[in-house]
Each structure stands twice: as structure tokens, then as C-alpha cells.
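This report concerns only the one structure given below.
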Amino acid sequence: MSRDYRDKKVVIWPAYIDSTISRKDGRRIPREQAVSNPTIEEIVNVADELGLNPIVEEAPYPRLWWKYKARVVVDKKYPKQKLLRIIASKIREIRNRKS
């Protein structure tokens, strides 16, 4: 990510909110608040709903390069931890509505 983005944008890897992986492998929020196997599309849709101007960038996640091939860059409207929790919560809501 460019230095021009510093303090204006946040990178969100699906691993940050994936309940199926450990903290050691990159999950950033508690397992109870995370969602299982979030997709880039779900993250982009939620970020769009929240008005965060998502941009998808193709890049392998360093810790699990074989599993995650892209990341989402969004506007920083909240602290990163709060943003991750909000996105995971919205994904959970959308999944519950569908089922």
C-alpha cells in the first residue's frame, strides 16, 4: 500500500475476520465475532454499503499465501479493530438474512 494512503486507508485481508483460522495465522478479532470463510465479494459489498469506497487489490496474504489471493483497501472512518468488527457483523447479518 502506498505511503499516500497512510492514515486515510485500511487494508482488510479476509484472514483478519476468518473464524476458521487462528490468531497466530492472522485473525485479528475474537473468534465469536469473526465469520467463517469470508469472501472478497462479501467484504466489498459490506464496505460499499458502509460507504468506505472499497478497492480490491490482487496480492497474496503473506502468512497464508495459498489461501488468500486478494485484499480490500477501504477508507479509514473508524479504528481498524472497530472496522473489522463492523464488517464481520454485517457479513453475519447478510448471511442470516439469506438463510
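The values are calculated or read from the model by the stated rules, or taken from the named source; none is laboratory data. Please read these numbers as outputs of a predicted model, since none were measured by experiment. Positions of Cβ are generated from backbone atoms using ideal geometry, with glycine treated the same way; all protein chains shown enter the neighbour counts. Keep in mind that these areas ignore ligands, DNA and RNA; they rest on the heavy atoms of the full protein, side chains included. Shrake-Rupley method; radii C 1.70, N 1.55, O 1.52, S 1.80 Å.
Structure above, values below:
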item	result
Residue in the stretch 39-52 that is touching a strand residue (DSSP E or B) at 6+ places or on another chain (Cβ under 9 Å) and over 22 Å from K76 (Cβ atoms) present	no
When residues of the stretch 57-81 are limited to those that are of a type in the set (D, E, K, R) and within 14 Å of V46 (Cβ to Cβ), the one least open to solvent (accessible area, probe 1.4 Å)	D75
Sole exception among (1) free of Cβ contacts under 8 Å to residues at least 12 places away in the same chain; (2) in a helix (DSSP H, G or I) for W65, by number	(2)
Close pairs from the stretch 15-35: first at positive phi, partner at pLDDT below 95 and open to solvent by 70 Å² or more (accessible area, probe 1.4 Å), Cβ under 9 Å, at least 6 apart	G26/P62; G26/R63
Candidate set from the stretch 3-41 (those that are of a type in the set (V, I, T) and assigned to a loop (DSSP other than H, G, I, E, B)); member that is nearest to E58 (Cα to Cα)	T39
Hey, L84 under 11 Å from V10 (Cβ atoms) and in contact (Cβ under 8 Å) with a residue 24 or more places away in the chain or not	yes
Qualifying residues in the stretch 5-35 (those that are within 20 Å of K77 (Cβ to Cβ) and surrounded by fewer than 19 Cβ atoms within 10 Å (Cβ to Cβ)) - the one modelled with the lowest pLDDT	Y5
Residues of the stretch 36-50 classified as in contact (Cβ under 8 Å) with a residue 24 or more places away in the chain and either open to solvent by 20 Å² or more (accessible area, probe 1.4 Å) or more than 10 Å from the chain's Cα centre (by Cα) (or both), total	7
